[in-house]
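Heads up, the thing below is written out as structure tokens.
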Amino acid sequence: MNREKPITVAVAGAKGRMGQEVVKMLLQDPSLSFVVAVDSKLHGVDVGEAMDGRTLGVTFVQSVAEAFQKYQPDVLVDFTTPQTVYKHMELALQYKVRPVVGTTGLTPEQLEDLTTRYREAGLGGIIAPNFAIGAILCMKFAAMAAKYMPHVEIIELHHDKKLDAPSGTALKTAELISKARSELKQGHPQEEETIAGARGAEYDGFRIHSVRLPGMVAHQEVLFGATGQTLSIRHDSINRESFMPGVNMAIKAVMNLDTLMYGLENLLD
Ligand code: NAP
């Protein structure tokens, strides 16, 4: 779609680690117009002043509903918390604002429910557990490898402020691997954990391990083993800017969608 007017964007979680990167990205793209930010504690404060002291002329409002009522944005970018994102997506549906959601932790039931309701309303949206293009490639390569090397374990590593485990990316990778490989219960049949959790979380016969440490951003390694050989596929986001080309791509793509898309990989050919 060729648009003469910039796409107007609201940001929920704009004061957070990801939200601040989204604001910087929006300000650099003349085809996008950052119109409002949501933060319950900074109501009425200029976003630029809260971030680096530079007046931007865009203020925080108290809630997503207030942002929608006052500014009628085209798109809501949401990087908040697993507890609030579902409500935000319901509001987006009510106000016909297209959501681009990076917040992880929505349950499969919530995802299914939202997918149905967005389809029925003919409203476009994108939920992506990972906006880094390299992470999407890591998932795709892992799914390709799983067809031929079905013995696999996923290790995801994140900073210690992350609320949900395993990561949305690890879950999505596991889902793609599961679709690609033949059914297989891995490990020794009599395997026993002498400390609970030692073998990680089980997903369809294979394991996911979550590491949380300061100094990490977002990392994932998918390990495959076969007779006499191993294969490691690893992706590292070394800073949060790594997610922004994907968020930018999603904001533009969502204007042409009429269903809720899950995963940035659907936008890559
Ligand atoms: P963060 O630094 O804790 O930021 C979350 C922000 O959301 C905070 O500023 C918080 O404000 C705000 N918030 C909470 N509830 C809100 C509400 N109801 N309305 C508006 N704002 C609200 O977290 P982060 O590291 O940026 O991560 C945010 C989410 O993105 C997490 O779910 C994380 O897993 C996910 N993530 C996704 C990707 C991806 O590529 N998809 C990449 C990295 C992270 P207060 O502190 O005032 O509550």
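The values are calculated or read from the model by the stated rules, or taken from the named source; none is laboratory data. Worth saying up front: this structure is predicted, and the values here are computed from it rather than measured. Note that each Cβ is placed from the backbone with ideal geometry, even for glycine, and that neighbours are counted across all protein chains shown. To get the accessible areas, we keep the full protein, side chains included, count just its heavy atoms, and leave off ligands, DNA and RNA. Shrake-Rupley method; radii C 1.70, N 1.55, O 1.52, S 1.80 Å.
Values computed for the structure shown
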| quantity | calculated |
| --- | --- |
| Beta bridges per DSSP with both ends in the chain, % antiparallel, nearest 5 | 45 percent |
| Cleavage-rule hits, GluC sites (Glu not before Pro), the stretch 156-241, DSSP coil, Cβ neighbours within 10 Å at most 14 | GLU183, GLU191, GLU192, GLU193 |
| Potential lengthening between ASN256 and THR116 on full extension [0.36 nm per residue; Cα-Cα distance subtracted] | 48.6 nm |
| Degrees between helix 85-95 axis and first principal axis of the chain (Cα, 0 to 90, nearest 10) | 40 degrees |
| Solvent accessible area, Å² - ASP160, 1.4 Å probe, full protein context | 80 Å² |
| Gyration tensor (Cα) of the stretch 133-238, equivalent ellipsoid semi-axes in angstrom | 21, 18, 12 |
| Förster-model FRET efficiency, 22 Å R0, HIS188 and GLN229, C-beta, rounded to 0.05 | 0.65 |
| Length released on extending from LYS179 to LEU137, taking residue separation times 0.36 nm less the Cα-Cα span | 13.5 nm |
| Lysine pairs within the stretch 133-215, Cα separation less than 30 Å, 8 or more sequence positions apart or different chains | 13 |
| Straight-distance crosslink candidates among aspartates and glutamates, where the alpha carbon sits under 18 Å from LYS70 and sequence neighbours closer than 8 are dropped | ASP39, ASP46, ASP78, GLU90 |
| In order through the stretch 194-209: 3J(HN,Hα) via Karplus (6.51 cos²θ - 1.76 cosθ + 1.60), integer Hz, x for Gly, Pro | 8, 10, 4, x, 4, 9, x, 8, 8, 9, 6, x, 10, 10, 10, 10 |
| For HIS151, distant residues with modelled amide H under 5 Å away | GLY225 |
| Three-way shape label, the chain, alpha-carbon gyration tensor, a/c 1.5 | prolate |
| Size of electric dipole in the chain: Cβ of Lys, Arg +1 and of Asp, Glu -1, about Cα centre, debye, nearest 20 | 420 debye |
| Simple spin-label estimate for SER33 and ASP204 in nanometres, 7 Å along Cα-Cβ | 4.4 nm |
